[in-house]
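Step one of this worksheet: look at the structure below.
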Amino acid sequence: MSVEFMGTIIAALSLIIAYMGYRINKQRQQLQSDQSLRSETEKETEVRTSLLYISRGIDDIKVDLKANEKDVAEISERVTRVEESTKQAHKRIDNISPD
C-alpha cells in the first residue's frame with residue numbers, strides 16, 4: 001500500500017466520520033425539538049384546562065349573583081310592604097289613643 005492510497009483512505013474515513021457526526025447531531029437536535037414541543041404542548045394544555053375551569057367557575061358565580069339579585073329584589077319588596085303596613089298600624093293606633 002502506498003502512502004497516497006493510505007491518505008485517500010484516511011480522507012474517506014474522515015468524511016464518513018464527519019457525516020456520521022453530522023447525522024447524529026441532527027437526530028439529537030430533532031429529538032430535543034420534539035421533546036421541547038411536547039413539553040410546551042403539555043404546559044399549554046394545562047393552561048387551557050385551568051382557564052376552562054376558571055371560566056366555568058365564573059359562570060357559576062354569575063348564576064349565583066343573579067339568584068342573589070332576585071332574592072334582594074324580593075326582600076326589598078317585602079320590606080316596602082312591611083313599612084306600609086307599619087304606617088297604617090301607627091295611624092290606627094294614633095286614632096285609638098285618647099289624646
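Of note:
- All-pairs alpha carbon distance profile, the chain, 5 Å steps from 0, percent: 2, 9, 6, 7, 6, 5, 6, 5, 6, 4, 5, 4, 4, 4, 3, 3, 3, 3, 3, 2, 2, 2, 2, 1, 1, 1, 1, 0, 0
- Summing Cβ point charges (Lys, Arg +1; Asp, Glu -1) relative to the Cα centre of region 14-99 gives a dipole of roughly 660 debye.
- Charge dipole of the chain about the Cα centre (unit charges at C-beta), most positive-ward option of A11, T80, T45: A11
- Cα-based reach from K66 at 15 Å (exclusive), listing aspartates and glutamates while leaving out same-chain residues under 8 positions away: E74
- The residue among I96, L65, Q30 whose Cα reaches farthest toward the positive pole of the charge dipole of the chain, with charges on the beta-carbon of Lys, Arg, Asp and Glu, is Q30.
- Computed from Cα positions, the angle between helix 3-96 and the longest principal axis of the chain comes to roughly 0 degrees.
- Modelled FRET efficiency - R0 35 Å, I96 with V72, Cβ distances, 0.05 increments: 0.45
We did not get these values from a lab; they are worked out from the coordinates using the rules stated. Bear in mind the structure is a predicted one, so any value in this text is a computation, not a measurement. Every residue, glycine among them, receives a Cβ derived from its backbone with ideal geometry; neighbour counts consider all protein chains shown.
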